Structures are given as structure tokens and as C-alpha cells.
1. Whether any residue in segment 136-155 is of a type in the set (A, V, I, L, M, F, W, C), buried (at least 18 other Cβ atoms within 10 Å of the Cβ) and modelled with pLDDT under 90 is what I want to check.
2. Tell me, which residue of segment 137-167 that is assigned to a helix (DSSP H, G or I) and of a type in the set (A, V, I, L, M) is nearest to the chain's Cα centre (by Cα)?
3. Could you grab me the full set of residues in segment 163-186 that are in contact (Cβ under 8 Å) with a residue 40 or more places away in the chain, surrounded by fewer than 22 Cβ atoms within 10 Å (Cβ to Cβ) and farther than 13 Å from CYS16 by Cα?
4. Mind checking which residues of segment 167-192 are at pLDDT 95 or above and β-branched (Val, Ile, Thr)?
5. Of the residues GLY177, GLY192, which single one is in a loop (DSSP other than H, G, I, E, B) and among the small types (Gly, Ala, Ser)?
6. Would you mind listing the strands (runs of 3 or more DSSP E) fully within segment 1-96 where at least 1 residues are surrounded by 20 or more Cβ atoms within 10 Å (Cβ to Cβ) and at pLDDT 95 or above?
Amino acid sequence: MSRPLRRRRIRNYPDCWSFSPDEAKSPDCVTLTLDEYETVRLLDREALTQEQCAVRMGIGRTTVTSVYERARKKIAEALVEGKRLRIAGGSYCLEPNAGNAVSRKGSNRMRIAVPYENGEIFLHFGRTEQFKLYDAENGTVASSQIVDTGENGHGALAGFLKAAGVDALICGGIGMGARDALREAGIRLYAGVTGNADEAAKALTEGTLQYDPDAHCDHHGHHEENCYNHGHKCERHAGK
């Protein structure tokens, strides 16, 4: 009987999840797993030794070597053969980064997160400094809390939300990198929403939230207010 594969610790999700050459001729795609990505980040970007990398990821040095070699081969294949490189999956677990400030969620509750500022939905997900978390049960908001993120960037914030036990995110415009991170984290997205945060969370629990599943923002010189519109009604999820 083979031993179960040990999950490797990663610091955060990446901000960018795919890379493609402008002159790509091949339709093929190379997939770099998140644990492979983490070895490249630690060894090549942070210049750690393999021993230090092993400690950070909670695995043995020989495992680091084999994972890193696979990663380098995949990157070389994408570069040399002009293939698209995407990051997804792998055997990993996120380092806890939500801190002790986040209360525990009840087993029968749905946790909703909203980027938060002065009672309103903050319009730039990747730069939010606070989330308001709502725990919903039986179709109503049972409790809420405001937490400081201590993080920035789409990947780091998605990791923060996953560690905080969040099931759904309500936000305004949001880019593809953030969408990919939330998808990897298993967090449902309700985008294209503005206005009062409490009212939006209440509407989601009641199944009446108006949102746009295609809302996005490319952040190239336009404020997020101009990047999305409304028009989709959610189905009830909370309290099930």
C-alpha cells in the first residue's frame, strides 16, 4: 500500500494564474501545480536554500528537489515550445493567515465576506484593508465581524478568506486573477454589487441580491465604478 501524499504548505495563492506568449502557435497548455509554483517562488524569487524551503513547506529536502525539478522542466517546456502556462491544483495546504481575530464559524452556517469601508462595499478587492464577515443561518444574518486583512493582492486576500472559512464573497468589479484565486479556494463569487454592505449581505441570505456574474475590472485607468453593471438575481444559498 502506497503512503498518502503529504500536503505541501504554500504561503498564498498567486496573483497571476496564466501566462501566454504573444506569438503562441501551440494550443497546448502546461499546468504548473501550486506546490511546484511555491518551490520556484521560494528558491528562485526569495533565494532560500532547499533546506529552508523544506522547512517552510513542511516537507523533506529530497521532496523539494523533485518538486522543483518538475517545475523547472514545465517552465522550460512552456518557454521553448511557446505554450501557455497556467497554475492550478496540486497537493497543498495554505498557511494559516487569518489570525486569531476571526471567530470560528458554526458548522451549519454560511460565511459571507464583503470588502468593507465606512459601511459600504469597498470597490477595489485587491486593495481592501478590511472585510466584514457575516455568518448566516436559516436565511438570516446571525452575526457579523469586521477584520483587518493584513494582506494585499488578489492571491493573498483569497488565501485570507479561505483561512477565515468564507463560503461566498460579495464585491464590485473583479479581475480574472482574483476570480481564479477564489475559484481555487472554493469561494462563490457575487460580483457587480455596490452600496451598503449590510444590505447586500442580507439580500444574499434572502436570495434577492442583484449581481452580475460577468462583472470585471481591468484596472487600466478606469475606476471600478465604471467596470460593471447589475442584472442577475441570486438563488438562496444561506442556511441550507
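The values are calculated or read from the model by the stated rules, or taken from the named source; none is laboratory data. Model, not experiment: these values are computed from the prediction. Cβ coordinates were reconstructed from backbone atoms using ideal geometry, including for glycine residues, and neighbour counts include every protein chain displayed.
1. No: zero hits.
2. By that ranking, first place goes to ALA158.
3. Those that are in contact (Cβ under 8 Å) with a residue 40 or more places away in the chain, surrounded by fewer than 22 Cβ atoms within 10 Å (Cβ to Cβ) and farther than 13 Å from CYS16 by Cα: ALA163, GLY165, ASP167, ALA185.
4. Hits for segment 167-192 are ILE170, ILE187.
5. Result: GLY192 is the single residue among GLY177, GLY192 that is in a loop (DSSP other than H, G, I, E, B) and among the small types (Gly, Ala, Ser).
6. By residue number, 29-32, 84-87.
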